[in-house]
Amino acid sequence: MSEEINEPMPTVADTAVVPPPPPAPTVIQVKSEGNGRTPAWVLAGVSLGFLLPVCACGFLMVTFFFSVALAGSASPATSSGGFGDAIAIVRVEGAITHSDDAQSPLGAVSGTVINDLRVAAADDSVKAIILRVDSPGGTVTGSAQIHDALAQIEKPVVVSMAGTAASGGYYVSAPADYIFARPDTTTGSLGVVLTLYNVTELLDNVGVSVTSITSGPNKTIGNPWEPLTAEQEAILQTIADEAYDGFVQVIVDGRSLPEEEVRALADGRIYTGNQALALGLVDELGDLPDAITKAATLGGITGEPRIVEYEHLPNFSDFFTGFSSRVSKSEAEQTMELVTSLITPQIEYRYIGSGAN
């Protein structure tokens, strides 16, 4: 008789369903198309492509201006024409002002003109210098500085007058070895002008009064809100006379004319180029090409001369501010300059009738 094996009956706990394990995460693979670059690589490439030329240009500009700064006051030159000996053209164009700036791109700044003259004088390949003048003159100091520098140059100097070479424009021309003027050049205006303004009526109309506390009766001489006294007028006249005597002597020395004749010519009137030739103030009628031919002859140049001109590069401040410090000025700065010009007597070798600044 077989034995029965009695197995225990399964309980509810033993028959519970065990949950299956969670499914494995689905991995989605994104295939890159085209050149296989992800958006991040594309962005990096575009940025790099933009920055490289910008950085390169910036590096070149900084290197360029740094090299100019290292060059000191030397004026970079451009040349044209022949390949041998050279003639340097130094320009005095616009109103003459005095400053030590050797690289000013604006107007006839004495420091810049003098620097150009010295560079030309030191260049062994430059055999003669042309001073190209188109100026109504300007400050007494600036005119005298350019004149003195020109008088010290041992190389031949030829002046070529353009539309205007009056007052200070003639002053700087006088020591040249030879002077050309066009028939229609405006020159002369030999003399001095001291400009004063009187705004007393204007101040009365707007209800403004000015009180000056001074250490002496002539401390505010020439101010626009007080009339000149007889003593003050005499003081200013002596200053104008002194500057005038210096102007006369410059013409006497430069043109080898008698002083009495120069004083007769220097009564402030203007002359045409034709009239100036007849009076001995210029040597010949002609324009820049004629002056080049004459300078080549005086410099002993055979064949076509090489023409050298000097460039005036901006400094670092000009470069980074876009010339704003020299060209664009605030309304307040312009107002202060106007006020200063009104209260400061201006003694000048200038042809006022030209209206040039």
Just to be sure, is LEU196 over 30 Å from ALA128 (Cβ atoms), among the aliphatic types (A, V, I, L, M) and in contact (Cβ under 8 Å) with a residue 40 or more places away in the chain?
yes
Search result, residues across segment 93-126 that are in contact with a strand residue (DSSP E or B) (Cβ under 6 Å, 6 or more places away or on another chain) and of a type in the set (Ser, Thr, Tyr)
THR97, SER99, SER125
Listing of helices (runs of 4 or more DSSP H) fully contained in segment 222-321 that carry 3 or more residues being within 31 Å of the chain's Cα centre (by Cα) and at negative phi:
230-255, 288-298, 316-321
Scan of segment 212-225 for residues that are modelled with pLDDT of 85 or more and not small (Gly, Ala, Ser), ordered by number:
ILE213, THR214, PRO217, ASN218, LYS219, THR220, ILE221
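To keep it simple, each residue is scored yes or no on (1) among the polar types (S, T, N, Q); (2) under 21 Å from the mean Cα position of the chain (by Cα).
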| position | (1), (2) |
| --- | --- |
| LEU131 | no, yes |
| THR141 | yes, yes |
| ILE146 | no, yes |
| LEU150 | no, yes |
| GLU154 | no, no |
| SER160 | yes, no |
Step by step: first the residues of segment 200-221, then only those that are assigned to a helix (DSSP H, G or I) and touching a residue at least 12 places away in the same chain (Cβ under 8 Å), then the one that is surrounded by the fewest Cβ atoms within 10 Å (Cβ to Cβ). Which residue is that?
THR200
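Condition (residue is over 33 Å from the mean Cα position of the chain (by Cα), loosely packed, with under 15 Cβ neighbours inside 10 Å and not aliphatic (A, V, I, L, M)) applied to segment 186-195: is it met by at least one residue?
Pass one, segment 186-195, residues over 33 Å from the mean Cα position of the chain (by Cα): none.
No, every residue in segment 186-195 fails to be over 33 Å from the mean Cα position of the chain (by Cα), loosely packed, with under 15 Cβ neighbours inside 10 Å and not aliphatic (A, V, I, L, M).
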When segment 323-357 is examined, which residues are found to be under 25 Å from GLY188 (Cβ atoms) and at pLDDT below 70?
SER354, GLY355, ALA356, ASN357
Run SER80 past the list (1) touching a strand residue (DSSP E or B) at 6+ places or on another chain (Cβ under 6 Å); (2) in contact (Cβ under 8 Å) with a residue 60 or more places away in the chain; (3) surrounded by 20 or more Cβ atoms within 10 Å (Cβ to Cβ); (4) not in a helix (DSSP H, G or I) and report the number of the one that doesn't hold.
(3)
So ASP241 ticks every box in (1) closer than 27 Å to GLY107 by Cβ; (2) at pLDDT 95 or above; (3) not small (Gly, Ala, Ser) but one. Which box is left unticked?
(1)
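Return the only residue of PHE83, PHE65 being aromatic (Phe, Trp, Tyr), modelled with pLDDT under 95 and within 18 Å of the chain's Cα centre (by Cα). Break it down stepwise before answering.
Details: PHE83 fails: within 18 Å of the chain's Cα centre (by Cα).
When all the criteria are applied, what remains is PHE65.
The values are calculated or read from the model by the stated rules, or taken from the named source; none is laboratory data. All values reported here derive from a predicted model rather than from experimental measurement. Every residue, glycine as well, gets a Cβ built from its backbone with ideal geometry; the counts of neighbours run over all protein chains shown.
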